[in-house]
Amino acid sequence: VQMSDPQRIYIVEMRDTLTPMGRGVAITEPTFDWERVGWPVNEGPTAVAKGRAVTVTYAASGGTTMAYCLGRLFNPTGDLMNPKAWEKSPAPVFAGSHGMFAPGHNSFFRAKGGAWWSVFHAKRTAEDGWGGRITAAQPVTFDHRGQAILGTPAGWDHPFPEPR
(Lines give C-alpha, C1' and ligand atoms only; values in the text may rest on other atoms or scores of the structure.)
Protein backbone atom coordinates (compact mmCIF):
# COMPACT_ATOMS: atom_id res chain seq x y z
CA VAL A 1 0.00 0.00 0.00
CA GLN A 2 1.32 3.42 -0.90
CA MET A 3 -0.50 6.65 -0.21
CA SER A 4 0.94 10.06 -0.97
CA ASP A 5 -1.70 12.38 0.48
CA PRO A 6 -1.50 12.61 4.27
CA GLN A 7 -4.54 11.56 6.26
CA ARG A 8 -5.68 14.38 8.55
CA ILE A 9 -8.08 14.56 11.46
CA TYR A 10 -10.83 17.18 11.38
CA ILE A 11 -13.31 18.42 13.95
CA VAL A 12 -16.66 20.04 13.24
CA GLU A 13 -19.29 21.55 15.49
CA MET A 14 -22.55 19.61 15.44
CA ARG A 15 -26.10 20.94 15.73
CA ASP A 16 -27.24 17.44 16.68
CA THR A 17 -25.93 13.89 16.17
CA LEU A 18 -26.47 14.08 12.41
CA THR A 19 -26.12 17.73 11.41
CA PRO A 20 -22.78 19.54 11.16
CA MET A 21 -22.69 23.30 11.67
CA GLY A 22 -20.24 24.90 9.25
CA ARG A 23 -17.02 23.46 7.97
CA GLY A 24 -14.62 21.10 9.64
CA VAL A 25 -11.24 22.29 10.92
CA ALA A 26 -8.07 20.20 10.65
CA ILE A 27 -6.59 19.66 14.11
CA THR A 28 -3.70 17.39 13.10
CA GLU A 29 -1.84 15.96 10.16
CA PRO A 30 1.20 13.65 10.08
CA THR A 31 4.15 16.02 10.54
CA PHE A 32 6.56 13.89 12.59
CA ASP A 33 8.72 11.14 11.07
CA TRP A 34 7.10 8.53 13.36
CA GLU A 35 3.70 9.37 11.79
CA ARG A 36 4.97 8.89 8.23
CA VAL A 37 6.45 5.36 8.13
CA GLY A 38 4.93 3.49 5.18
CA TRP A 39 2.67 6.42 4.38
CA PRO A 40 1.59 9.62 6.21
CA VAL A 41 -1.26 8.76 8.61
CA ASN A 42 -3.28 10.36 11.39
CA GLU A 43 -6.48 8.28 11.58
CA GLY A 44 -9.02 6.62 13.82
CA PRO A 45 -9.43 9.38 16.40
CA THR A 46 -11.14 8.68 19.69
CA ALA A 47 -11.77 11.16 22.48
CA VAL A 48 -12.16 11.18 26.24
CA ALA A 49 -12.92 14.24 28.38
CA LYS A 50 -12.13 15.12 31.98
CA GLY A 51 -13.92 18.38 32.73
CA ARG A 52 -13.00 20.90 30.00
CA ALA A 53 -9.87 18.94 29.06
CA VAL A 54 -10.16 16.66 26.01
CA THR A 55 -7.70 13.98 24.92
CA VAL A 56 -7.86 12.59 21.39
CA THR A 57 -5.75 9.56 20.55
CA TYR A 58 -5.16 8.52 16.96
CA ALA A 59 -3.31 5.89 14.96
CA ALA A 60 -0.17 6.97 13.11
CA SER A 61 2.03 5.55 10.31
CA GLY A 62 0.99 2.93 7.82
CA GLY A 63 -1.21 0.22 9.32
CA THR A 64 0.81 -2.58 7.69
CA THR A 65 4.09 -1.45 9.30
CA MET A 66 5.66 -2.26 12.64
CA ALA A 67 5.82 1.53 13.21
CA TYR A 68 2.02 1.71 13.57
CA CYS A 69 1.32 3.33 16.95
CA LEU A 70 -0.84 5.85 18.79
CA GLY A 71 -0.31 9.57 19.04
CA ARG A 72 -2.17 12.03 21.24
CA LEU A 73 -3.75 15.46 20.96
CA PHE A 74 -4.66 17.30 24.13
CA ASN A 75 -6.82 20.35 24.55
CA PRO A 76 -6.92 21.72 28.11
CA THR A 77 -8.91 24.85 27.16
CA GLY A 78 -12.25 23.56 25.91
CA ASP A 79 -11.70 25.68 22.75
CA LEU A 80 -12.02 22.61 20.55
CA MET A 81 -12.51 24.36 17.20
CA ASN A 82 -9.21 26.27 17.53
CA PRO A 83 -6.39 24.16 15.99
CA LYS A 84 -3.81 26.15 18.01
CA ALA A 85 -5.45 25.09 21.28
CA TRP A 86 -4.49 21.45 20.63
CA GLU A 87 -1.16 20.15 21.96
CA LYS A 88 0.31 17.30 19.91
CA SER A 89 2.61 14.66 21.38
CA PRO A 90 6.08 14.91 19.79
CA ALA A 91 6.55 11.12 20.10
CA PRO A 92 4.22 8.11 20.08
CA VAL A 93 2.27 7.72 23.32
CA PHE A 94 1.55 4.00 22.83
CA ALA A 95 3.95 1.92 20.72
CA GLY A 96 4.92 -1.74 20.48
CA SER A 97 6.39 -3.29 23.62
CA HIS A 98 6.35 -6.50 25.69
CA GLY A 99 5.50 -8.64 22.66
CA MET A 100 2.58 -6.44 21.59
CA PHE A 101 3.51 -5.11 18.16
CA ALA A 102 2.04 -2.21 16.15
CA PRO A 103 -0.77 -1.21 18.54
CA GLY A 104 -3.41 1.06 17.09
CA HIS A 105 -7.03 2.19 16.79
CA ASN A 106 -7.97 2.42 20.41
CA SER A 107 -11.17 3.47 22.09
CA PHE A 108 -11.95 4.42 25.66
CA PHE A 109 -14.57 2.93 27.92
CA ARG A 110 -15.56 3.48 31.48
CA ALA A 111 -16.19 0.41 33.60
CA LYS A 112 -19.23 0.17 35.86
CA GLY A 113 -17.18 1.24 38.90
CA GLY A 114 -15.80 4.32 37.14
CA ALA A 115 -12.31 3.20 36.06
CA TRP A 116 -11.24 4.20 32.54
CA TRP A 117 -9.79 1.64 30.13
CA SER A 118 -8.42 1.67 26.60
CA VAL A 119 -9.26 -1.11 24.17
CA PHE A 120 -6.93 -1.42 21.15
CA HIS A 121 -5.59 -3.88 18.64
CA ALA A 122 -2.03 -5.13 18.34
CA LYS A 123 -0.13 -8.02 16.83
CA ARG A 124 1.63 -10.98 18.47
CA THR A 125 4.30 -11.14 15.77
CA ALA A 126 6.71 -8.53 14.45
CA GLU A 127 5.67 -8.96 10.84
CA ASP A 128 4.51 -6.30 8.41
CA GLY A 129 1.03 -6.82 6.95
CA TRP A 130 -2.63 -6.40 7.78
CA GLY A 131 -3.25 -9.76 9.41
CA GLY A 132 -2.79 -11.07 12.92
CA ARG A 133 -4.36 -8.24 14.92
CA ILE A 134 -5.87 -9.14 18.28
CA THR A 135 -7.94 -6.97 20.62
CA ALA A 136 -6.59 -6.08 24.06
CA ALA A 137 -7.51 -3.72 26.88
CA GLN A 138 -5.72 -2.09 29.77
CA PRO A 139 -6.35 0.67 32.33
CA VAL A 140 -5.90 4.37 31.57
CA THR A 141 -4.91 7.06 34.06
CA PHE A 142 -5.11 10.85 33.87
CA ASP A 143 -2.52 13.43 34.79
CA HIS A 144 -3.16 16.56 36.87
CA ARG A 145 -4.36 18.47 33.77
CA GLY A 146 -6.89 15.80 32.78
CA GLN A 147 -4.77 14.34 29.97
CA ALA A 148 -5.26 10.61 29.33
CA ILE A 149 -2.12 8.54 29.94
CA LEU A 150 -2.16 5.19 28.15
CA GLY A 151 1.08 3.85 29.59
CA THR A 152 2.94 1.09 27.76
CA PRO A 153 1.47 -2.07 26.22
CA ALA A 154 1.73 -4.50 29.14
CA GLY A 155 1.99 -7.73 27.16
CA TRP A 156 -0.45 -10.46 26.22
CA ASP A 157 -0.03 -12.40 29.46
CA HIS A 158 -0.14 -9.45 31.86
CA PRO A 159 -2.92 -10.01 34.40
CA PHE A 160 -5.20 -7.02 34.85
CA PRO A 161 -8.11 -7.09 37.27
CA GLU A 162 -11.55 -7.24 35.70
CA PRO A 163 -12.64 -3.72 34.69
CA ARG A 164 -14.66 -2.23 37.56
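Heavy-atom accessible area per residue, the chain, 1.4 Å probe: how many Å²?
Numbers: 8750 Å² over 164 residues.
Here the residues of the chain average 53 Å² of exposed surface.
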Worksheet item: Taking K and R as +1 and D and E as -1, what net charge do the other residues with C-beta under 12 Å from the C-beta of Lys50 add up to?
Response: +2
Fill in: Estimated D of region 60-149 in µm² per second, where Rh is the Kirkwood radius over Cα pairs and Stokes-Einstein applies at 20 °C, 1.002 mPa s
149 µm²/s
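Give me the net charge for the shell around Gly62: Cβ to Cβ below 12 angstrom, other residues only, Lys and Arg +1, Asp and Glu -1.
Working: positive: Arg36; negative: Glu35, Glu43, Asp128.
That sum, taken over residues with Cβ under 12 Å, equals -2.
Give the ranking of Asp5, Asp143 by solvent-accessible surface, highest area first, calculated with a 1.4 Å probe.
On the way: Asp5 115, Asp143 45 Å².
Order by accessible area, largest first: Asp5, Asp143.
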Fill in: Surrounding net charge for Ala136, when Lys and Arg each add one and Asp and Glu each subtract one, Cβ distance under 14 Å
+2
Item to complete: Calculate the spin-label point distance for Ala137 paired with Thr152, positioning each point 7 Å from the Cα along the beta-carbon direction, and give it in nanometres.
Response: 2.4 nm
Practice prompt. Please give the contour-minus-distance gain from Glu29 to Glu162: 0.36 nm per residue of separation, less the Cα-Cα distance, rounded to one decimal in nm.
Written response: 44.3 nm
Response to the item:
So, with points 7 Å from each Cα along the Cβ direction, the Val12-Ala111 label distance in nm works out to 3.7 nm
Worksheet entry | In Å², nearest 10: area of Arg145 left accessible to a 1.4 Å probe | 100 Å²
Item to complete: Report Trp39's accessible area, 1.4 Å probe, all protein chains in place, as a number in Å² to the nearest 10.
Response: 10 Å²
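For an R0 of 25 angstrom, estimate the FRET efficiency from the Cβ-Cβ distance between Glu87 and Glu127 and round to the nearest 0.05.
On the way: r = 34 Å, r/R0 = 1.35.
It comes out at approximately 0.15.
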Item to complete: Find how much the distance from Arg52 to His98 grows on full extension, using 0.36 nm per residue of separation minus their present alpha carbon separation; answer in nm with one decimal.
Response: 13.2 nm
Practice prompt. Would you mind listing how long the chain runs along its three principal axes, going by Cα atoms, in whole Å with the largest first?
Written response: 44, 44, 29
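The values are calculated or read from the model by the stated rules, or taken from the named source; none is laboratory data. Here the structure is a predicted model, which is why all the values come from computation and not from measurement. All Cβ positions, even for glycine, are placed from backbone atoms using ideal geometry, and neighbour counts span all protein chains on display. Just the protein is used for accessible areas: all its heavy atoms, side chains included, with ligands, DNA and RNA removed. Shrake-Rupley method; radii C 1.70, N 1.55, O 1.52, S 1.80 Å.
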